[in-house]
Amino acid sequence: MKLASIKSGRDGRLVVVSRDLTRCTDASRIAPTLQAALDDWASLEPGLRELAEGLESGSMPVERFHERECASPLPRAYQWADGSAYVNHVELVRKARGAEMPESFWSDPLIYQGGSDSFLGPRDPIVMAEDEAWGVDMEGEVAVIVDDVAMGIDAADALDRIRLVMLVNDVSLRSLIPGELAKGFGFFQSKPSSAFSPTAVTPDALGEAWREGKLHLPMLVRVNGAPFGQANAGVDMTFDFGRLIAHAAKTRPLCAGTIIGSGTVSNKLDGGAGKPVADGGAGYSCIAEIRMIETIANGKPTTPFLRFGDRVEIEMLDRGGHTIFGRIDQTLARYGA
């Protein structure tokens, strides 16, 4: 089952979307918003699945589904906790800013709490108030939305609390991160609003690609139309979503609608850093990684961070080449333009 929020008010209008993302049907008689559906998932899910089945069979009223009309599935959320499950990525970006990586990072997940009050729609521009000196970067990630999660849950049981899966563009301002982290109080200004895929998908709809708490498909990232990354989200993921959820719930319960992110999808190559797509590698899901590779090879980075007018696309295709979640497609624009 695939769900989306059509832009309407602050929290969108919930629709059930066809498997091929061409049609949708209004779900407001069951739940007006996705958060309302998540708040009472056990009793409302059967009705939503009935709508999904009727949509495929042609027995439900149909609207044309346009990704450009979508807000993020949860236009705002009670909580957005982003992990860093691909430790290869953590190692590379820490090297880029001259920071050592503790050995514990390989056994104890990293998670920070991001801003969740103003997510961007999947086709909304990324707007920045200042110039490109902030180092605007995209980060292609997978995220899950959970039901209520008890404090102290173990990783195996945590997987059973996942209700929906999405893609993320977790925008980062690389030039602001070092100074902010040096204060010892975490991210804030360096992590502006993130964007999520047009649809959120139930794990069963992902078939065999969803297993062991990971999504085993390539994350396709394009910058200005050129392939930039195709790292497989199920490869080199040190901590699966069960581990991430259990880590987040160690000292507090999580409420229905909490979003947990994977961190930037990142693959190694023969035990070392990856290679660009143009050189036959899996490429990168963020610009910071390729800049680090360039620094290692040449002493300095040559790939710039995003500039005004640059376009970022993030998508995932099934084995048949069909889009699963729809496409995040954003342009960097000056705030107020």
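The values are calculated or read from the model by the stated rules, or taken from the named source; none is laboratory data. This is a predicted model, so every value here is computed, not measured. For neighbour counting, all protein chains shown are included, and Cβ atoms are generated from backbone atoms with ideal geometry for every residue, glycine included. The protein model used for the area step is the full one, side chains on, heavy atoms only, and it has no ligands, DNA or RNA in it. Shrake-Rupley method; radii C 1.70, N 1.55, O 1.52, S 1.80 Å.
Testing the spin-label approximation: label points 7 Å from Cα along Cα→Cβ at Thr302 and Glu130. State their distance in nm.
Distance between the two pseudo-spin positions: 2.9 nm.
What are the ³J(HN,Hα) values, in whole Hz, obtained from phi via the Karplus relation 6.51 cos²θ - 1.76 cosθ + 1.60 with θ = phi - 60°, for each residue of the range 275-283 in sequence order, with x given for Gly and Pro?
Result, ordered by residue: 10, x, 4, 4, 9, x, x, 7, x Hz.
Mind jotting down a quarter of the surface of the convex hull over the alpha carbons of the range 154-243, in square nanometres, one decimal?
8.0 nm²
Assuming R0 = 35 Å, can you tell me the calculated FRET efficiency for the pair Ala278 and Glu56, based on Cβ-Cβ distance, to the nearest 0.05?
That pair, Ala278 with Glu56, gives E of 0.30.
How large is the translational diffusion coefficient of the range 1-136 in µm² per second when you combine the Kirkwood radius over alpha carbon pairs with Stokes-Einstein at 25 °C and 0.890 mPa s?
For these conditions, the coefficient is 139 µm²/s.
In Å and from the alpha-carbon atoms only, list the Rg and Dmax of the range 144-190.
Rg and Dmax of the range 144-190, Cα atoms, are 15.9, 39 Å.
Arg94 to Asp157: FRET efficiency via 1/(1 + (r/R0)^6), r the Cβ-Cβ distance, R0 30 Å, to the nearest 0.05?
0.40
List the residues, sorted by chain then number, that are 5 or more residues from Arg211 or on another chain and whose placed amide H is less than 5 Å from its amide H.
Hits under the 5 Å cutoff: His216.
Calculate one ³J(HN,Hα) per residue across the range 301-309 by plugging θ = phi - 60° into the Karplus curve 6.51 cos²θ - 1.76 cosθ + 1.60, and present them in order as whole Hz with x for glycine and proline.
Result, rounded to whole Hz: x, 10, 7, x, 6, 4, 10, 4, x.
From zero up to wherever the largest Cα-Cα distance of the range 84-157 sits, split into 10 Å bins and tell me the percent of pairs in each.
Percent of Cα pairs in each bin: 11, 35, 35, 18, 2.
At 1.4 Å probe size, with every protein chain present, just tell me what the per residue accessible area of the range 168-225 comes to in Å².
41 Å²
Taking only C-alpha pairs under 8 Å that are 6+ residues apart, what is the relative contact order of the range 205-301 in percent?
Worked out over the range 205-301, it gives 25 percent.
Taking a 1.4 Å probe, which of Glu180, Glu50, Glu63, Glu103 shows the most accessible area, and what order do the others take after it?
The residues order as Glu103, Glu50, Glu63, Glu180, largest area first.
Place the peptides 116-124, 314-322, 134-142 in order of packing, highest mean first, counting for every residue the other Cβ atoms within 10 Å and averaging per peptide.
134-142, 116-124, 314-322
Return the long-range amide H neighbours of Leu120 (sequence gap of 5 or more, or a different chain), with a cut-off of under 5 Å between placed amide H atoms.
Ser194, Ala195, Phe196
Among 24-35, 148-159, how do they line up from the highest to the lowest mean number of other beta-carbon atoms within 10 Å?
24-35, 148-159
Taking the range 52-122, which trypsin sites (Lys or Arg not before Pro) meet the DSSP loop condition and have no more than 15 other C-beta atoms within 10 Å?
Sites meeting the loop and neighbour criteria: Arg97.
Can you list residues whose amide H is under 5 Å from Asp11's amide H, if they're 5+ apart or on another chain and H is modeled 1.01 Å from N?
Under 5 Å from the amide H of Asp11: no residue qualifies.
Between Ser8 and Arg334, what length comes free when the chain is fully extended (0.36 nm per residue of separation minus the Cα-Cα distance, one decimal in nm)?
Additional length available on full extension: 114.9 nm.
Can you run phi through the Karplus equation (6.51, -1.76, 1.60; θ = phi - 60°) for the range 205-221 and list ³J(HN,Hα) in whole Hz, with x for Gly and Pro?
Values, residue by residue: 6, 8, x, 6, 5, 9, 7, 6, x, 9, 9, 8, 8, x, 8, 8, 10 Hz.
Working only with C-alpha atoms, what are the Rg and Dmax values of the chain, expressed in angstrom?
Cα-based Rg and Dmax for the chain come out at 19.2, 62 Å.
Out of the trypsin sites (Lys or Arg not before Pro) in the range 129-199, which ones are loop residues according to DSSP with at most 15 other C-beta atoms within 10 Å?
Lys183
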